[in-house]
Amino acid sequence: MKIEKINTSAAGTWARDCELICLSHCKGFRITYHRDEDDTYWSVRCEGGIIAYKVISEEFSTVGYLIDLPVDAAFFEILDSPWMREFGQERARILDKCKHYVLQFETVA
């Protein structure tokens, strides 16, 4: 497994830089968030072709492979993903075209 930081202007510069405001379901999902460092608001929309996604709370964000996430950014791609391997070998053909991203946000209560 290898973790690559995604260099985009929408990513944060530290682990809690991005605050999740809204996660909504459409054809895929849409995330709206606030970036604290410059007080900007962003929206990320993923349409179609989504095999799976999961949302976890901060208490579980430092276990398993997530413990290796760098703390200086908000977005990552996980290469040779252990989570994708959990879907099984019989689905390997489908998963060959898939990518695993981690978008790290702080949630507001």
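The values are calculated or read from the model by the stated rules, or taken from the named source; none is laboratory data. On a predicted model such as this, the values are computed, not experimentally measured, just so you know. Just so you know, the surface numbers come from the protein's heavy atoms only, side chains and all, with ligands and any DNA or RNA stripped out. Shrake-Rupley method; radii C 1.70, N 1.55, O 1.52, S 1.80 Å.
Suppose we keep just the DSSP beta bridges with both residues in the chain; what percent of those would be antiparallel, to 5?
Antiparallel bridges make up about 90 percent of those DSSP assigns within the chain.
Which value, in Å², gives the accessible area per residue of the chain when a 1.4 Å probe is used on the protein heavy atoms? Numbers along the way, then the final one.
Values: 7510 Å² over 109 residues.
Value for the chain: 69 Å² per residue.
Carbon-plus-sulfur fraction of the accessible area of the stretch 40-109, 1.4 Å probe, in percent?
Numbers: 2830 of 5160 Å².
Here carbon and sulfur together make up 55 percent of the probe-accessible area.
Radius of gyration and Dmax for the chain's Cα atoms, expressed in Å?
14.3, 45
What ranking of I3, I94 comes out by heavy-atom accessible area, probe 1.4 Å, highest first? Kindly include the intermediate steps, with their values, before the conclusion.
Working: I3 40, I94 95 Å².
Largest accessible area first, the list is I94, I3.
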